[in-house]
Amino acid sequence: MPAQKPAAKPAAIKIVCGLGNPDAEYARTRHNAGFATIDALAARQGVRYWKSEAGAQVASIAVRGADGERREVLLAKPMSYMNTSGGPLSKLARAHHVRPEEILVVHDEVDLPAGEVKLKLGGGLNAHNGLRSIADKLGSRDFARVQFGIGRPPGRMQVADYVLRELKGNFLEDFELTVERAADLVEDVLHG
């Protein structure tokens, strides 16, 4: 399933922030799609050093934009839990003088079919508490997003149970393939 890109292009991205929860028990859950994508990007770039900054785990990578210029991009994983991700991200953005439109957030999206990834520029928050926290703390919805499709829960399962259930077998394999597609889309945006 190819990634979907909007017609407009985002600003030059300076921070890529993946949303998730820091505890090991959440590592293999749909809710950690953002963290998993950041980890895949870091692995592709050979990142060996992470530091704790502003309540997030942060690594720096160098990317070459469409103009041929190399620039530093920060990979970030807020360590405050999904619903309060905006605090660490806004502190990091202020410390590095990064505007909301220079931020790309990777998050799980129940309203996108499982396996699909999509780039969205600004707009609504779709009842996603992590996105709401970020918009509140940045004072803006003008950040770009890579939506990582996880689909809706089956039957009458609650969304919270669905996103926090540990993935195994084919579900984990499919999730890991989507992580790679999401990382591809982030790279396309960064090199754009």
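The values are calculated or read from the model by the stated rules, or taken from the named source; none is laboratory data. Since the model is a prediction, treat every value here as computed from it, not as a measurement. Here the Cβ positions follow ideal geometry from the backbone for every residue, glycine too, while neighbour counts run over all protein chains shown.
Points worth noting:
- Among the conditions (1) among the hydrophobic types (A, V, I, L, M, F, W, C); (2) modelled with pLDDT under 90; (3) closer than 28 Å to Asp174 by Cα; (4) in contact with a Leu (Cβ under 7 Å, 6 or more places away or on another chain), the only one that Ile61 does not satisfy is (2).
- The condition of being in a helix (DSSP H, G or I), touching a residue at least 24 places away in the same chain (Cβ under 8 Å) and exposed (fewer than 13 other Cβ atoms within 10 Å of the Cβ) holds for only one of Leu185, Leu177, that being Leu177.
- Considering each residue of region 121-136 in turn, none proves to be of a type in the set (S, T, N, Q) and within 24 Å of Arg64 (Cα to Cα).
- Qualifying residues in region 54-72 (those that are free of Cβ contacts under 8 Å to residues at least 40 places away in the same chain and of a type in the set (D, E, K, R)) - the one farthest from Asp23 (Cα to Cα): Asp67
- Matching option when the condition is outside any loop (DSSP other than H, G, I, E, B), surrounded by fewer than 15 Cβ atoms within 10 Å (Cβ to Cβ) and at pLDDT below 95, among Ala127, Ala160: Ala160
- Extreme residue, farthest from Val189 (Cα to Cα), among residues of region 113-124 that are outside any strand (DSSP E or B) and at pLDDT below 95: Gly124
- Qualifying residue in region 64-71 (condition: among the aliphatic types (A, V, I, L, M) and closer than 30 Å to Lys168 by Cα): no
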